[in-house]
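The values are calculated or read from the model by the stated rules, or taken from the named source; none is laboratory data. Being a predicted model, the structure only gives us computed values, none of them experimental. Don't worry about glycine lacking a Cβ; one is built from the backbone with ideal geometry, like all the others, and counts go over all protein chains shown.
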There are 2 protein chains.
Amino acid sequence: MSVQERKRRERAERERLIVATARELAEQQGWDAVTTRRLAERIEYSQPVLYSHFRGKREIIGAVALEGAAEMAAAVRAATSAADGPRERVAALAHAYLGFAARNPAVYDAMFQLDGGLAFADEDTPQPLKDAFAALLESLGEVAGDGVHPGLFTEVFWAALHGLATLTRAGRLPPEDTESRVELLVDRLAKV
Amino acid sequence: MSVQERKRRERAERERLIVATARELAEQQGWDAVTTRRLAERIEYSQPVLYSHFRGKREIIGAVALEGAAEMAAAVRAATSAADGPRERVAALAHAYLGFAARNPAVYDAMFQLDGGLAFADEDTPQPLKDAFAALLESLGEVAGDGVHPGLFTEVFWAALHGLATLTRAGRLPPEDTESRVELLVDRLAKV
DNA sequence: GATTGGATCCTAGCACTGCTAGACAACCAA
DNA sequence: TTGGTTGTCTAGCAGTGCTAGGATCCAATC
């Protein structure tokens, strides 16, 4: 009984190790460098072990994405709760969001650019993803303005942030003026 | 002399065929299905022929991206020139942009999601890309509002459209409310 | 304490990828 | 007709995600 318990624990521990290692490797050298062979070598097991935890590489990416979603939700909530006034909250949210994307590009890719096999905008969407959206909604809903559905407003604001994050990181937008862009976005979109 | 001319023509023709075939295959089955072997088979040549035209797969993606940029610029200009009044022009631009992205998802991916090895926001950015941005700037610059740099405003508006396009296509946003989102975006961002 | 059954893990290999070296054939100028 | 250049293809490399089958170890049973 206790032996099985220990094995279960060790197994769960190894699964966390896989996800953490994949994330680390992706942040260091990009997702292209995250091959099943390299990943297996880093955790000091053979390749097939990965497949006893995950159905495939996609699911590993998905696991990193879920972890990232939880962290992003926490980061957004921490930033917004430390700000007073709707305007400041929205600005803090935007900075927290873009900051997270800039500091964790590989995780952000796992969440929104790569295929992690996750359901979105659906009833069987994993909880961390729903919660991350909820974290945005909490601060953005109050500045949607009259007659505008809070959910819809949040979607639009989120899309704008997502566009800024991805285009900036891909080199499509010069990074210098990020601050001005965020200001413009907050000033125009949010009804305070 | 005339023989060389003919050969040059045929070679250019084959290059167009490669790009068109890659694009077609990508739209039909996604970029993952665009392998050098499949592409070579479709154009009825062997693989190495591809490498006598392009340095690698990346450059083929880049070629599709440039073609797409030119088309998108044309689509945006056609839509905006048919609308009268700044507000209508911006709305038409947004619809043209999102419509292009929705109708040509693989081309849009080549332009903004995949690595086509193209320079951006740089002096040696290819002309079609600069021109596509210019097409946006032409209609968006006039609604930037007082004291806001037209280029900066265009970047922000573009980022918002890009976010809507990618999140919608990836299933992150339900496609039903696209129209409402565009309306909200245009109403809030554009100063008419 | 020896034996057996089952879980766990690894070696080896499959079919595929992008890309390239070197052999071969077709062509044109002399 | 010859010689050389140009163009193309066959064959192969190293790498990818993923899996079948065999080896090993360990806990429960006799």
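Some points to look at:
- Search result, residues across region A:52-74 that are surrounded by 15 or more Cβ atoms within 10 Å (Cβ to Cβ), within 15 Å of DNA strand C (Cβ to nearest atom) and either within 17 Å of residue A:132 (Cα to Cα) or without any contact (Cβ under 8 Å) to a residue 24 or more places away in the chain (or both): A:57
- For residue B:57: the one exception among (1) within 30 Å of residue A:114 (Cα to Cα); (2) within 16 Å of DNA strand D (Cβ to nearest atom); (3) away from chain A (no Cβ under 14 Å): (3)
- For region B:41-51, filtered to residues that are near DNA strand C (Cβ under 8 Å from one of its atoms) and touching a helix residue (DSSP H, G or I) at 6+ places or on another chain (Cβ under 8 Å), the residue that is nearest to residue B:119 (Cα to Cα) is B:50.
- Residue in region A:12-29 that is away from every other protein chain (no Cβ under 14 Å), away from DNA strand D (no atom under 14 Å from the Cβ), small (Gly, Ala, Ser) and over 16 Å from residue A:110 (Cβ atoms) present: yes
- Unique match (being among the β-branched types (Val, Ile, Thr), within 26 Å of residue B:109 (Cα to Cα) and more than 15 Å from DNA strand D (Cβ to nearest atom)) among A:76, A:90, A:107, A:64: A:107
- Any hit, region A:40-53, residues being touching a Leu at 6+ places or on another chain (Cβ under 7 Å) and within 10 Å of DNA strand D (Cβ to nearest atom): yes
- Residues considered: A:85, A:163, A:116, A:145. Of these, the only one that is within 12 Å of chain B (Cβ to nearest Cβ), of a type outside the set (A, V, I, L, M) and surrounded by fewer than 16 Cβ atoms within 10 Å (Cβ to Cβ) is A:145.
- Residues in region A:162-189 that are of a type in the set (Gly, Ala, Ser) and touching a Leu at 6+ places or on another chain (Cβ under 8 Å): A:163, A:165, A:180.
- In region B:23-40, the residue that is nearest to the chain's Cα centre (by Cα) out of those that are within 10 Å of DNA strand C (Cβ to nearest atom) and surrounded by 13 or more Cβ atoms within 10 Å (Cβ to Cβ) is B:31.
- Applying the condition of being more than 7 Å from every other protein chain (Cβ to nearest Cβ), of a type outside the set (Phe, Trp, Tyr) and in a helix (DSSP H, G or I) to region A:148-160 and asking which residue is surrounded by the most Cβ atoms within 10 Å (Cβ to Cβ) yields A:154.
- Among the conditions (1) touching an Asp or Glu at 6+ places or on another chain (Cβ under 6 Å); (2) more than 16 Å from DNA strand D (Cβ to nearest atom), residue B:96 misses just one, which is (1).
- Those residues of region B:168-180 which are within 7 Å of chain A (Cβ to nearest Cβ) and surrounded by 21 or more Cβ atoms within 10 Å (Cβ to Cβ), in sequence order: B:172, B:173
- Helices (runs of 4 or more DSSP H) enclosed by region B:1-71 - at least 1 residues per element that are closer than 21 Å to residue B:126 by Cα and not hydroxyl-bearing (Ser, Thr, Tyr): B:2-29, B:47-53
- The lone exception for residue B:123 - which of (1) modelled with pLDDT of 95 or more; (2) away from chain A (no Cβ under 11 Å); (3) surrounded by fewer than 16 Cβ atoms within 10 Å (Cβ to Cβ) it fails: (1)
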